[in-house]
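A quick write-up on the structure given underneath.
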Amino acid sequence: MDGAENKIIHFQKCNGGIIVLNNKPEATSEDRTFFGQPRGLSTLFFTEMWERFSYYGMRAILIYYMYYSVTKGGLGFDQGTAASVMSIYGSMVYLSSVLGGYLSDRVWGSRRTVFIGGVLIMFGHIALSVPAGKMALFVSILLIVLGTGLLKPNVSEMVGGLYNEGDTRRDSGFTIFVFGINVGSLVAPYLVGWLGLSYNFHLGFSLAAIGMFLGLVQYWIGGKKYLSKDSLYPTDPLEPGDMKKLVVRSTIGLVAFVLVLLLMALLGSLNLTNFVLLLTIIALATPVIYFTIFLTSKKVTATERKHVWAYLGLFIAAMIFWAIEEQGSSVLALFAANQTNNVVLGFHIPPAWYQSLNPLFILIYTPFFAMMWNRWGKKQPSSPAKFATGMLFAGASYLIMVIPVALFGSSAKVSPLWLVGSWAVIEIAELLISPIGLSVTTKLAPKAFQSQMMSMWFLADSAGQAVNAQIVKLYTPGNEANYFLGVAIVAIVAGIIMVALVKPIKNLMAGIK
């Protein structure tokens, strides 16, 4: 249609009771200008692609930057601490999505929230590009944690908003969206990893900053053309009395956090390890609090409450899955550097390049999954069934890693094909869980908590990585086989339990497909 859009004229209530005229792109069966999907999907596709380029480029070299010696350009952390910090960093990135969902729903609207988040992410990568040691690392962590929390849940929520209820393209659209995520994730470790490990870590981080800048430019231009003006306004705007409550609650929370830190300091226990433990507790407590709010809120109808109960089962399964999948940047990154023969036919493989295996297999598998879901249509397996199958594949991916350690011992350097095989299997699990989880979250979200419910999907990742921050310390020389086997057993048992819960969860979904 040459970029033309179907529009529907309607009114929207804004802050202060002002009524404004709004033009909203209508997601209809005729809106098929981007691979058969709404044109706005392209803007969100490329925004997330560049954001993931910046994030996964940084992530591909960050653990090496932390534990390499100062003489090699690193910070000199021990490997266990580096892996733990890496995990809690990832956890906080997704935990902050709670803040992003709230600010979108109550203050800025999703489109503005995404842009502000992108700006913070860009400055976070700029901070890492400056050779200022540990201080720059912690400043960068703060900026990227806040920025990603603002950006990620709201981009995904806007994808869901492109489709009408009952539109069978939704799962396919989210699969295409995840494809975009993985385009950026695929390229980044090669470019940022090569530049960071071969020349200078800070040059690598600079390239990540440039990627986020390109994403912001694309989003600003495309958003004006193809995204609904509804996304400029909060769905549940703060009233004057609400703002006072927000300030009071935020102040109480901040003061409580500072008091806990002071108490730890007085007891002589304020160190990096215990600070990570404190963040772990917060990350695990947050989803419990939010589920309690959703289930007890008067804004949630009886049917929506059933949906939230259904989502709880999916959330727990997702948390376990993400705990395994996200160890690619910590446990498997260490395995790639220390226990893998990285010289193949005379060519040296930089350890950071293995981080591209995740998006590579996603890109290979995605067209087949998208076609499969479209071909099956309404006959495709339910979301709970897809989750259960994904859990079994996740467990199998770590069973693969048991084999080389059991056969050759922990001191041997083994073929890269073991890592390739493990990633090949777990990415099947990701395509059964990640895009489906994004889609079902938008379907099951109570109207009053749409963006905040989207945040819950990312809280599953946050909780999984918070657990990782503690258990990755068990990944030590000589214990690798036991570690991989233990994690695999947990995933497989959870998958079997999920199989038994498919029917009860479908009943709670009350007709949501």
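Looking at the range 352-374 only, could you name the residues that are surrounded by fewer than 18 Cβ atoms within 10 Å (Cβ to Cβ), at pLDDT 85 or above and over 30 Å from Leu195 (Cα atoms)?
Those that are surrounded by fewer than 18 Cβ atoms within 10 Å (Cβ to Cβ), at pLDDT 85 or above and over 30 Å from Leu195 (Cα atoms): Phe368, Met371, Met372.
Kindly list the number of the only condition in (1) open to solvent by 10 Å² or more (accessible area, probe 1.4 Å); (2) closer than 25 Å to Leu407 by Cβ; (3) over 24 Å from the mean Cα position of the chain (by Cα) that fails for Thr340.
(1)
Do any residues in the range 49-60 that are within 15 Å of Val119 (Cα to Cα) have Cβ atoms under 6 Å from those of residues that are open to solvent by 20 Å² or more (accessible area, probe 1.4 Å) and not polar (S, T, N, Q), where the two are at least six apart or on different chains, and which pairs are they?
Pairs found: Trp50/Leu214; Arg52/Ile181.
Looking for something open to solvent by less than 40 Å² (accessible area, probe 1.4 Å), aliphatic (A, V, I, L, M) and under 15 Å from the mean Cα position of the chain (by Cα) - is there at least one such residue anywhere in the range 461-474?
yes
Quick check: is even one residue across the range 460-478 of a type in the set (Phe, Trp, Tyr) and either on the phi > 0 side of the Ramachandran plot or assigned to a helix (DSSP H, G or I) (or both)?
no
Among the residues of the range 456-470, is there at least one that is modelled with pLDDT under 90, within 19 Å of Lys306 (Cα to Cα) and out of contact with any Asp or Glu (no Cβ under 6 Å at 6 or more places or on another chain)?
Checking the range 456-470: at least one residue is modelled with pLDDT under 90, within 19 Å of Lys306 (Cα to Cα) and out of contact with any Asp or Glu (no Cβ under 6 Å at 6 or more places or on another chain).
Looking at (1) open to solvent by 30 Å² or more (accessible area, probe 1.4 Å); (2) under 27 Å from Leu432 (Cβ atoms), can you tell me which one Lys299 breaks?
Among (1) open to solvent by 30 Å² or more (accessible area, probe 1.4 Å); (2) under 27 Å from Leu432 (Cβ atoms), Lys299 violates only (2).
Based on this model, can you work out whether Ile436 counts as open to solvent by 10 Å² or more (accessible area, probe 1.4 Å) and either free of Cβ contacts under 8 Å to residues at least 24 places away in the same chain or under 14 Å from the mean Cα position of the chain (by Cα) (or both)? Walk me through it before giving the result.
Values: open to solvent by 10 Å² or more (accessible area, probe 1.4 Å): no; either free of Cβ contacts under 8 Å to residues at least 24 places away in the same chain or under 14 Å from the mean Cα position of the chain (by Cα) (or both): yes.
So Ile436 fails the test.
Looking only at residues in the range 57-73 that are at pLDDT below 90 and of a type in the set (Ser, Thr, Tyr), which one is most open to solvent (accessible area, probe 1.4 Å)?
Result: Thr71.
Among the residues in the range 190-202, are any in contact with a Pro (Cβ under 6 Å, 6 or more places away or on another chain), under 30 Å from Phe369 (Cβ atoms), touching a residue at least 40 places away in the same chain (Cβ under 8 Å) and not in a helix (DSSP H, G or I)?
Within the range 190-202, not a single residue is in contact with a Pro (Cβ under 6 Å, 6 or more places away or on another chain), under 30 Å from Phe369 (Cβ atoms), touching a residue at least 40 places away in the same chain (Cβ under 8 Å) and not in a helix (DSSP H, G or I).
Would you call Trp457 in contact with a helix residue (DSSP H, G or I) (Cβ under 7 Å, 6 or more places away or on another chain), open to solvent by less than 30 Å² (accessible area, probe 1.4 Å), within 30 Å of Tyr102 (Cβ to Cβ) and of a type in the set (Phe, Trp, Tyr)?
When the stated conditions are applied, Trp457 passes them.
Please state which of the following conditions Arg32 fails to meet, knowing it meets all the rest: (1) of a type in the set (D, E, K, R); (2) modelled with pLDDT under 90; (3) not in a loop (DSSP other than H, G, I, E, B).
Evaluating Arg32 over (1) of a type in the set (D, E, K, R); (2) modelled with pLDDT under 90; (3) not in a loop (DSSP other than H, G, I, E, B) leaves (3) as the failure.
Of the residues Lys413, Lys443, which is under 30 Å from Gly101 (Cα atoms) and either crowded, with 24+ Cβ neighbours inside 10 Å or modelled with pLDDT under 95 (or both)?
Lys443
Can you tell me which residue in the range 210-259 is farthest from Glu157 (Cα to Cα), limited to those that are polar (S, T, N, Q) and outside any loop (DSSP other than H, G, I, E, B)?
Thr251
Quick test of your reading of the structure: Gly76 fulfils all but one of (1) outside any helix (DSSP H, G or I); (2) modelled with pLDDT of 90 or more. Name the failing condition by number.
Of the numbered conditions (1) outside any helix (DSSP H, G or I); (2) modelled with pLDDT of 90 or more, the odd one out for Gly76 is (2).
For the range 84-94, does any single residue satisfy the condition of being open to solvent by 20 Å² or more (accessible area, probe 1.4 Å), of a type in the set (Val, Ile, Thr) and farther than 25 Å from Ile436 by Cα?
no
Residue by residue, here is whether (1) of a type in the set (Val, Ile, Thr); (2) touching a Leu at 6+ places or on another chain (Cβ under 9 Å); (3) surrounded by fewer than 24 Cβ atoms within 10 Å (Cβ to Cβ) holds:
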site	(1), (2), (3)
Arg112	no, yes, yes
Val119	yes, yes, yes
Leu146	no, yes, yes
Leu150	no, yes, no
Phe174	no, yes, no
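Write out, first by first residue and then by second, each pair whose Cβ atoms fall under 6 Å of each other, whose residues are 6+ apart or on separate chains, and whose first residue, in the range 476-504, is crowded, with 18+ Cβ neighbours inside 10 Å while the second is outside any helix (DSSP H, G or I).
Hits for this filter: Glu480/Ser410; Tyr483/Tyr475.
The values are calculated or read from the model by the stated rules, or taken from the named source; none is laboratory data. Everything quoted here is computed from the prediction, not taken from an experiment. We place every Cβ from the backbone using ideal geometry, glycine too, and count neighbours over all the protein chains shown. Side chains are part of the model used for accessible areas, which takes the heavy atoms of the whole protein and leaves out ligands, DNA and RNA. Shrake-Rupley method; radii C 1.70, N 1.55, O 1.52, S 1.80 Å.
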